[in-house]
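Have a look at the structure below, then the notes.
Values quoted throughout were computed directly from the atomic coordinates according to the rules given, and no laboratory measurement underlies them. All figures in this text were calculated on a predicted structure; none of them were measured in a lab. A quick note on method: Cβ atoms are made from the backbone with ideal geometry, for glycine too, and the neighbour counts reach across all protein chains shown.
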Amino acid sequence: MHCELKEKDRIGTINPIFTCQPAGAQYASIGIKECIGIVHGGQGCVMFVRLLISQHLKESFEIASSSVHEDGAVFGALDRVEQAVDVLLMRYPHVKVVPIISTCSTEVIGDDIDGVVRKLNEGLLQEKYAGREVHLIPIHTPSFVGSMVSGYDVAVRDFVKHFAEPGEPNGKVNLITGWVNPGDVKALKHLMAEMDIEANVLFEIESFDSPLMPDGNYVSHGSTTIEDLKSTGSASATLALNRYEGGQAAKYLESEFNQPTIVGPTPIGIRNTDTFLANLKTLTGKPIPHSLVVERGIAIDALTDLTHMFLADKRVAIYGNPDLVIGLAEFCLDLEMKPVLLLLGDDNPNYADDPRIQAIQENVDYPMEIITNADLWDLENRVKNEGLELDLILGHSKGRFAAMECNVPMVRVGFPTYDRAGLYRYPVVGYAGATWLAEQMANTLFTDMEYKKNKEWVLNVW
């Protein structure tokens, strides 16, 4: 077999690709309007994640902590949750949705956040906040299993489970975007608008590309409302873009409300965007308009200018969130590039059953590795010590040191990206995303050619 799927062959982690489950739950929560999450754990479980998200999106937003200290970590800290909910509701009278997000320490000591939510619903909310709509939602995201990817998936499922209600079909399509950027949301809305499809875009963060207004700084909030979440049960169909980031919620809506549901593929590149539009056509009966055929043609023309002369046979390493990594690998293969190393940063046992990975294994005709539970030392070590030759690296900013150490050019893509300006504005999905990605890769290779004086004369006659 040319393509081998295997787990990292050593114990321990050096420079992890992912952070922990609560980070994913926090990212999901910021997509909901009138929502502030409470992370039940140490202060750092909020501080560092909030810093990471703020670095990536370059925006401020609100999230709270129960701020568990040493005594709570030993004897239990449910009283901290009660205090946190009370203080949060007093300080923020507009807040209606309060997820209680667990962490490793509070899961290890066995704090019963489901029980404290019942207690608060029957006590504090009835006594002090009677008549006010407040939804307390326990979300279990212990940090000692899974990753930020599974944490996002769990949180999306739990939000949908809490709110979804049956009702008369509303003609909308639930769109579960997964872990995306504001630019991706904008691009997806554009595609659905061109097809005249009314979408219920869930955990909606387009508004995180926020304005700076004359009356002061703008605190960013997600755009998905409680009504949007409730109406997920009465949608005509559900489309989840990612298998590992929203797939559980999609399957819940399919089984609980008997909705037509499609999960993936992530619409990265021409082929997968074609499939995304075909899936929308299947779910809604709406035709694909000529405007999108033209948009597709413009993208293909842009790719044709680059593929054979500059991108073909370039050897690429890709790391990051699994749906993103697989989508990027499929796109690179379509561009005649050679993804030789895919790094998936957790030990999800379902990767072997992923039909996209199976298709890659069946079709590549050169040596390729897909490493699960990987870290960024797997990348650096293969280049520095094992002779892996690379022309390009695709991944988030955490891999910049490996790229510099190995002297390999790198395109920033994924979460978090904080060492390049404005990347959250640009989509990687759709036809526009395909064009942007290909041109980013080409321009990065062009710059590398110039600095290394490697056939840079080609650019004079291109």
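In table form, for the structure just shown:
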quantity: Calculated on alpha-carbon atoms, Rg and Dmax of the chain in Å; calculated: 22.7, 76
quantity: The chain, relative contact order in percent, only Cα pairs under 8 angstrom and at least six apart counted; calculated: 19
quantity: Per-residue Cβ neighbour rank within 10 angstrom, fewest leading, Phe208, Phe144; calculated: Phe144, Phe208
quantity: Taking region 21-148 and dividing mean pair separation by its residue count, relative contact order in percent (alpha carbons under 8 Å, at least six apart); calculated: 35
quantity: Straight-distance crosslink candidates among lysines, where the alpha carbon sits under 18 Å from Lys8 and sequence neighbours closer than 8 are dropped; calculated: Lys384
quantity: Cβ-defined net charge surrounding Gln248, 14 Å radius [Lys, Arg +1; Asp, Glu -1]; calculated: -2
quantity: Links that overshoot a 31 Å alpha carbon limit, given the list Lys6/Lys398; Lys251/Lys286; Lys58/Lys96; Lys281/Lys314; calculated: Lys281/Lys314
quantity: Cα→Cβ-extended label distance, 7 Å offset, between Asn454 and Ala359, nm; calculated: 3.0
quantity: Protection proxy ranking of 90-102, 3-15, 268-280 - average other beta-carbon atoms within 10 Å, highest first; calculated: 268-280, 90-102, 3-15
quantity: Amide hydrogen neighbours beyond the local backbone of Ile137, cut-off 5 Å, H modeled; calculated: Val98, Ile100
quantity: Net charge contributed by nearby residues that have their C-beta within less than 9 Å of Pro265 (K/R +1, D/E -1); calculated: +1
quantity: Neighbour net charge for Lys172 - beta-carbon separation under 10 angstrom, K R +1, D E -1; calculated: -2
quantity: Percentage relative contact order, region 188-263, counting C-alpha pairs under 8 Å, at least six apart; calculated: 22
quantity: Expected-Rg normalisation [2.2 N^0.38 Å, Cα atoms] applied to region 173-289; calculated: 1.10
quantity: Cα gyration tensor category, rounded, prolate or oblate, for region 282-385 with a/c compared to 1.5; calculated: oblate
quantity: Computed Kirkwood radius, in angstrom, where 1/r is averaged over Cα pairs of region 102-189; calculated: 16.0
quantity: Shape category assigned to region 21-148 from the gyration tensor of Cα positions, a/c cut at 1.5; calculated: oblate
